[in-house]
Amino acid sequence: MARIAQLAAERRFLQIARPLERTGFHNYATKSVAGSVVIYEKVTPLSNTIVPDSPPPSQYDLQRLHDFVNDSKRLVVITGAGTSTECGIPDYRSPNGAYSIGFKPMSHQDFVSSEQSRRRYWAGSFAGWRRFIGAKPGPTYLSLAQLETKGRVRGMITQNVDRLHFKAGSKPIELHGTTHEIICLNCGELTDRHLFQNRVKKLNPEWARAVEALESGEAGSDANFGMRIRPDGDLDIHERFFRKENFYIPDCKKCNGILKPNVVFFGDNVPKPRVDLCMSLARSADALLVVGSSVMTMSALRLVRAAADMGAPIAILNIGPTRADDLAHLKISARSGEVLPQLLDMGSMSVPSS
Ligand SMILES: [Zn+2]
């Protein structure tokens, strides 16, 4: 009986769904969305292989997600690294993610206690920065921004540190901070990352020239140097490039303290005021949608649990298992960059009354 109902729902859906312009995540066309026009910028990822393989979403799942979003009045969205893979920035944990090729993320403990670790971090991060900030928001980011514009989203929390949401026009709470700011570990002074990059460049002119020469290579030439970009913008670089006599790291202009990207490294805690802000947003949700996250960090899992504890249904759009699967009312294992534009294309969502 349930199967018959499902087939009927699928048939109904097929009648109202518009044909999908499935041109691939790296070459999206112009689409009409509920009378407005969204232009998906052409996104050229560093590698086509970093988005995990996944079959397209079923019409049944699309309809269920549509209903999930449409039925909510206070939808909260949590995003993770999976939303950036379609923009050329690898995640850590998916089958093609950074962990799969042996990367170890920088831990807070290593960064704080070891000058050589900081040297390695900043050398790689300085080199990777230009490429990192060159990434453009893909269809997932643009679709979520559209959902916000349509009044469908109460608030967004991102675990991503790449600011791609902001480039798409959203202003989510950045749970794990951002690589676009630098913080002094001693006095807490925040500075703009671009100013920091300039200071590194001034202190290390020859080094900066060498890096720029690497970066002027053809697209994909990173592979020639054995470099791979990671979600935090870091690149792996051979130790000889960042010995103490070769590479000088700027310190805080105010107090000479150690500078760190304003990112919550592994092993560190999210600052309490930010936790409180995210927690109150999660608790205010009447529905919570997770996009492109395996919810492996405790900080993200706690938010999903908090929303579930308040009775909000949970939907998860992620390729592969997540730590919150047992809390999910709806789980769709498909590319968010395919699912969300189709969701918008269904176009019949009503504007919530409160
Ligand atoms: Zn300072």
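Here are some notes:
- Looking only at segment 171-187, residues that are closer than 29 Å to V77 by Cα and either near the ligand (Cβ under 10 Å from one of its atoms) or assigned to a strand (DSSP E or B) (or both) come to 9 in all.
- Yes/no for I332 being within 16 Å of the ligand (Cβ to nearest atom) and aliphatic (A, V, I, L, M): no
- Complete set of residues in segment 252-290 that are away from the ligand (no atom under 16 Å from the Cβ), closer than 30 Å to Q197 by Cβ and not in a helix (DSSP H, G or I): V263, V264, F265, F266, G267, D268, N269, V270, P271
- Residue tally, condition outside any helix (DSSP H, G or I) and not polar (S, T, N, Q), over segment 188-199: 4
- For segment 101-124, filtered to residues that are modelled with pLDDT under 85 and either within 19 Å of the chain's Cα centre (by Cα) or part of a loop (DSSP other than H, G, I, E, B) (or both), the residue that is farthest from K201 (Cα to Cα) is G102.
- Number of positions in segment 291-345 that are β-branched (V, I, T), closer than 14 Å to Y141 by Cα and part of a helix (DSSP H, G or I): 1
- Candidate set from segment 299-313 (those that are within 11 Å of D286 (Cα to Cα) and crowded, with 16+ Cβ neighbours inside 10 Å); member that is nearest to the chain's Cα centre (by Cα): A307
- Long-range neighbours under 6 Å by Cβ, at least six apart or interchain, first residue farther than 22 Å from V161 by Cα within segment 243-264, second within 15 Å of the ligand (Cβ to nearest atom) and charged (D, E, K, R): K254/E189
- Residue check, G292 buried (at least 17 other Cβ atoms within 10 Å of the Cβ), touching a Phe, Trp or Tyr at 6+ places or on another chain (Cβ under 6 Å) and not hydrophobic (A, V, I, L, M, F, W, C): no
The values are calculated or read from the model by the stated rules, or taken from the named source; none is laboratory data. If you're wondering where the values come from, they're calculated on a predicted model, not measured in any experiment. As a convention, Cβ positions derive from the backbone with ideal geometry for all residues, glycine included, and neighbour counts pool all protein chains shown.
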